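Student: Structure in structure tokens, see below.
The values are calculated or read from the model by the stated rules, or taken from the named source; none is laboratory data. The structure presented is a predicted model; accordingly, all values stated were derived computationally and were not measured. Using ideal geometry, Cβ is built from the backbone for each residue, glycine included, and neighbour counts are taken over all protein chains shown.
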Amino acid sequence: MQEFVNRNNETENAEDRAELEAALRVLKEGEIVMGIVVSVNDDYVMVDVGYKSEGTINLNEVTHRPLKNARESGLKPGDQIRVMVYALDPSGEGGLRLSIRRVAEAEAWESIVKKFEAGEVIESEREGVEKSFWGTVEEGQVREGTVKSLTDFGAFIDLGGVDGLLHISEMSYGRIKHPSQVIKEGEKLQVKVLRLDREKKKVSLGLKQVMSDPWVTAVERYAEGTIVTGTVARLATFGAFVELEPGVDGLIHISQLADHRVNTPGDVVQVGQVVQAKVVGVNPEQRRISLSLRDALAPAVEEAAETTAAAEQPAEEPAEEKTEE
């Protein structure tokens, strides 16, 4: 019996403490608190937030969307919800008005502020990176970058917060029609800083400048007098350019295309045609190799002529044998 009395007293004491805490609790307008739905009526919802009296959520404070009655919200007794205290009853009786809608608005605004602040941080970091880059970059430097995007005229390279332009003409010593023939998006590569425009914040880069220049050793591969094979790359009024290897072209002057008068190079060769020509001059400093199609053809013509002449020459008649009388 004594144990029952003690338990009953403990329960009463706990309830008393809860009532006392609720009576002493002070809420402020704009404060967001947790509450438990007590009842859902047509025009309002009653919520217990641990205050000395229950709070009321009017129909227009339940949600942003229009409701015919509070039951359409889906709330039911016992649900735990977050509510904002937006008005305390001025009568002093402790009544208070609550809102679910204003909690959503506050959270949305808080999210916007956080994103804005994060953006400010990112912008600040970006400005710091740019300042560091422009304070240390110099023309002639070789830097690592990442291919950010490709265009018909080149590629943009991320140098670590600052983009530089790698023009298609600076990608390879050979001819390329599109940057994708040489590089791809996301690829890391070493590039050389060719030009800087600090006022306009522009960086011009080169890729072929960090590669081996084929002209350095061209004289070893294309010695005068040798017969070489190449592809006609383009035609000009004065001759034909022949690609011997990526980045190394030779010129066949119009006078060296044939052993007869040629009006235009197109009368003898066409773009894309594979030809054999004789090296008649090499100048690595000026990046020039002079070729002759005529001289390369001459030995073959002479050999063919000799073969034809030999075939046409009549056979010697056998000498008549002398008979002794």
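Student: Let me confirm something: among Asp197, Asp163, Asp152, which residue is of a type in the set (Asp, Glu) and under 30 Å from Gly250 (Cβ atoms)?
Tutor: Checking each option against the conditions leaves just Asp152.
Student: Continuing with the same structure: Limited to the stretch 58-71, what total is found for residues that are touching a Lys or Arg at 6+ places or on another chain (Cβ under 9 Å) and either modelled with pLDDT of 95 or more or of a type outside the set (A, V, I, L, M) (or both)?
Tutor: Of the residues in that region, 5 qualify.
Student: Considering only the stretch 209-253, how many residues are more than 39 Å from the chain's Cα centre (by Cα) and farther than 15 Å from Ala277 by Cβ?
Tutor: 4
Student: Given the criteria under 19 Å from Met211 (Cβ atoms), surrounded by 12 or more Cβ atoms within 10 Å (Cβ to Cβ), touching a helix residue (DSSP H, G or I) at 6+ places or on another chain (Cβ under 8 Å) and in contact (Cβ under 8 Å) with a residue 40 or more places away in the chain, does Ser99 qualify?
Tutor: When the stated conditions are applied, Ser99 does not pass them.
Student: Tell me, please, whether a residue that is touching a strand residue (DSSP E or B) at 6+ places or on another chain (Cβ under 9 Å), among the charged types (D, E, K, R) and farther than 24 Å from Lys131 by Cβ can be found in the stretch 214-231.
Tutor: yes
Student: Still on this structure, I have one more. Taking the stretch 223-251 as the search range and keeping residues that are closer than 25 Å to Lys208 by Cβ and β-branched (Val, Ile, Thr), which one is surrounded by the most Cβ atoms within 10 Å (Cβ to Cβ)?
Tutor: Val242
Student: A follow-up question, please. Could you say whether any residue in the stretch 260-268 is assigned to a strand (DSSP E or B) and either closer than 14 Å to Val282 by Cβ or in contact with a helix residue (DSSP H, G or I) (Cβ under 6 Å, 6 or more places away or on another chain) (or both)?
Tutor: No, there is no match, as no residue in the stretch 260-268 is assigned to a strand (DSSP E or B) and either closer than 14 Å to Val282 by Cβ or in contact with a helix residue (DSSP H, G or I) (Cβ under 6 Å, 6 or more places away or on another chain) (or both).
Student: Would a scan of the stretch 245-254 turn up a residue that is in contact with a His (Cβ under 6 Å, 6 or more places away or on another chain), of a type outside the set (A, V, I, L, M, F, W, C) and without any contact (Cβ under 8 Å) to a residue 40 or more places away in the chain?
Tutor: No: zero hits.
Student: Criterion first (in a helix (DSSP H, G or I) and at pLDDT 60 or above) does Asn9 satisfy it?
Tutor: no
Student: Kindly list the number of the only condition in (1) farther than 17 Å from Arg288 by Cβ; (2) touching a strand residue (DSSP E or B) at 6+ places or on another chain (Cβ under 8 Å); (3) assigned by TED's automatic domain parsing to the domain that holds Asn283 that fails for Thr237.
Tutor: (2)
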